[in-house]
Amino acid sequence: MKEPEQRHPNLLPGRRWRQLAPYANLGMTIAVALLGCGALGWWFDHMVHSSPFGLLVGLFLGCAVALWEIWKVVRRLNRMEGNHQ
């Protein structure tokens, strides 16, 4: 009688999606940070007539927020990886 095939735990479909989730969330966070801060800067430019300085500041802040989020996710994933080894 043939034994059922053993699969490596990291190759199970549910586990694979859970491992990819932080990266998908990170992509959305970067997009929202850049678009949101850029839109706020653009709105500020139209209110104060300071074009393009508000947009540039907004994009700079969006980049800072995105880098902060990347750093937090990488730090958390490194901690999780360290606990499994």
Residue check for N10: surrounded by 11 or more Cβ atoms within 10 Å (Cβ to Cβ) and modelled with pLDDT under 90: no
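Would you confirm whether or not the stretch 36-46 contains a residue that is at pLDDT 80 or above, hydrophobic (A, V, I, L, M, F, W, C), surrounded by fewer than 10 Cβ atoms within 10 Å (Cβ to Cβ) and in contact with a helix residue (DSSP H, G or I) (Cβ under 9 Å, 6 or more places away or on another chain)?
Scanning the stretch 36-46, I find no residue that is at pLDDT 80 or above, hydrophobic (A, V, I, L, M, F, W, C), surrounded by fewer than 10 Cβ atoms within 10 Å (Cβ to Cβ) and in contact with a helix residue (DSSP H, G or I) (Cβ under 9 Å, 6 or more places away or on another chain), so the answer is no.
If you check M47 against the conditions, is it part of a helix (DSSP H, G or I), hydrophobic (A, V, I, L, M, F, W, C) and under 24 Å from M80 (Cβ atoms)?
Taking the combined requirement at face value, the residue does not satisfy it.
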Candidate set: the stretch 47-64, residues that are under 25 Å from the mean Cα position of the chain (by Cα) and surrounded by fewer than 16 Cβ atoms within 10 Å (Cβ to Cβ); chosen: the one nearest to V32 (Cα to Cα): C63
Close pairs (9 angstrom Cβ cut-off, 6 or more residues apart or separate chains): modelled with pLDDT of 80 or more and loosely packed, with under 10 Cβ neighbours inside 10 Å in the stretch 68-85, among the hydroxyl-bearing types (S, T, Y) and assigned to a helix (DSSP H, G or I) anywhere: none
Every pair of residues 6+ apart whose Cβ atoms lie under 6 Å, when the first sits in the stretch 15-38 and is assigned to a helix (DSSP H, G or I) while the second is at pLDDT 85 or above and of a type in the set (A, V, I, L, M): P22/V73; L26/V73; I30/A66; A33/V65; A33/A66; C37/L61; G38/L59
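The values are calculated or read from the model by the stated rules, or taken from the named source; none is laboratory data. As the structure is a prediction and not an experimental result, all values here were calculated from the model. Cβ: placed from backbone, ideal geometry, glycine included. Neighbour counts: every protein chain shown.
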